[in-house]
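Participant: Below is the structure I would like to discuss, written out as structure tokens.
The values are calculated or read from the model by the stated rules, or taken from the named source; none is laboratory data. Every value quoted in this text rests on a predicted model; they were computed, and no experiment measured them. Ideal geometry is used to build each Cβ from the backbone, glycine not excepted, and the neighbour counts take in all protein chains shown.
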Amino acid sequence: MRSADCIGSSDRSGVVYQNEGNLLLLSLLSSSVRTVLDVGCGAGDNARVIRTINENIEIVGITLSAEESKLARQHMTAVHVVDLDVSDLSFLGDRRFDAVIFSHVLEHVKDPQRVLNLSARHLRVGGQMLIAVPNVLFASSRVILNTRTAGLWTALTYISSPGIQQIAI
């Protein structure tokens, strides 16, 4: 595993987000996928799940937290510590991925459309872009999103179903 590249700065770099991985979203991942860009990879939980299915998939992650990157490296080929609000993703060069995953990250960036457009440049023709955002119509999601106020937990954008269709590629 390679070390993380640090781009941008944030006072949230020590925050660690861990979960069981987004099993529903990952169930949509094509079996032909060989390279994945996990945008907002957190501690690498989605990569850990993907590796149980196919340990040979190349997975590159992007996270805001240096602490998360240390955990994510256990499951990923490379992890980049990047503030998506300021990065142009140029550190990826001309890399193209079979799949780009956004699992509950778009609601935390200032301009989700910009991040999607930049990431789409790194998706191979015919590749998959998998996106999950919180269902803000679900009562407990509204309570959680409105009460978490520190670091990565703060939702900057509420994205509805029609809204995701408008900003999606």
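Participant: Using the structure shown, decide if Phe102 is among the aromatic types (Phe, Trp, Tyr), surrounded by 17 or more Cβ atoms within 10 Å (Cβ to Cβ) and closer than 18 Å to Gly42 by Cα. Walk me through how you get there before you give the answer.
Facilitator: Working: among the aromatic types (Phe, Trp, Tyr): yes; surrounded by 17 or more Cβ atoms within 10 Å (Cβ to Cβ): yes; closer than 18 Å to Gly42 by Cα: yes.
Spelling it out, Phe102 is indeed among the aromatic types (Phe, Trp, Tyr), surrounded by 17 or more Cβ atoms within 10 Å (Cβ to Cβ) and closer than 18 Å to Gly42 by Cα.
Participant: Kindly indicate the residue of the stretch 27-62 that is assigned to a loop (DSSP other than H, G, I, E, B) and of a type in the set (Val, Ile, Thr) and also farthest from Val115 (Cα to Cα) among those meeting that condition.
Facilitator: Ile57
Participant: Test Arg2 against the stated conditions and say whether it is out of contact with any Lys or Arg (no Cβ under 6 Å at 6 or more places or on another chain), more than 26 Å from Gln113 (Cβ to Cβ) and modelled with pLDDT of 95 or more. Reasoning before the result, please.
Facilitator: Details: out of contact with any Lys or Arg (no Cβ under 6 Å at 6 or more places or on another chain): yes; more than 26 Å from Gln113 (Cβ to Cβ): yes; modelled with pLDDT of 95 or more: no.
Against the criterion (out of contact with any Lys or Arg (no Cβ under 6 Å at 6 or more places or on another chain), more than 26 Å from Gln113 (Cβ to Cβ) and modelled with pLDDT of 95 or more), Arg2 does not qualify.
Participant: Report, by residue number, each residue of the stretch 86-114 that is hydrophobic (A, V, I, L, M, F, W, C), at pLDDT 95 or above and over 19 Å from Ile57 (Cβ atoms).
Facilitator: Within the stretch 86-114, Val86, Leu89, Phe91 meet the criteria.
Participant: Report, by residue number, each residue of the stretch 50-71 that is touching a helix residue (DSSP H, G or I) at 6+ places or on another chain (Cβ under 7 Å) and not polar (S, T, N, Q).
Facilitator: Ile50, Ile57, Ile59, Gly61, Leu64, listed by residue number.
Participant: Okay, next question. Would you mention how many residues in the stretch 60-90 are surrounded by fewer than 23 Cβ atoms within 10 Å (Cβ to Cβ) and touching a His at 6+ places or on another chain (Cβ under 6 Å)?
Facilitator: Counting residues in the stretch 60-90 that are surrounded by fewer than 23 Cβ atoms within 10 Å (Cβ to Cβ) and touching a His at 6+ places or on another chain (Cβ under 6 Å) gives 0.
Participant: Pick from the stretch 63-80 the residues that are in contact with a strand residue (DSSP E or B) (Cβ under 8 Å, 6 or more places away or on another chain) and polar (S, T, N, Q): which of them is nearest to Ile101 (Cα to Cα)?
Facilitator: The residue in question is Thr63.
Participant: Can you pull out the residues in the stretch 105-120 that are surrounded by 14 or more Cβ atoms within 10 Å (Cβ to Cβ), touching a residue at least 12 places away in the same chain (Cβ under 8 Å) and either over 14 Å from Leu37 (Cα atoms) or more than 14 Å from the chain's Cα centre (by Cα) (or both)?
Facilitator: If we filter the stretch 105-120 for residues that are surrounded by 14 or more Cβ atoms within 10 Å (Cβ to Cβ), which is where we start, we get 105-109, 111-116, 118-119.
Now restrict to residues that are touching a residue at least 12 places away in the same chain (Cβ under 8 Å): 105-109, 111-113, 115-116, 118-119.
Within the stretch 105-120, Leu106, Glu107, His108, Val109, Asp111, Pro112, Gln113 meet the criteria.
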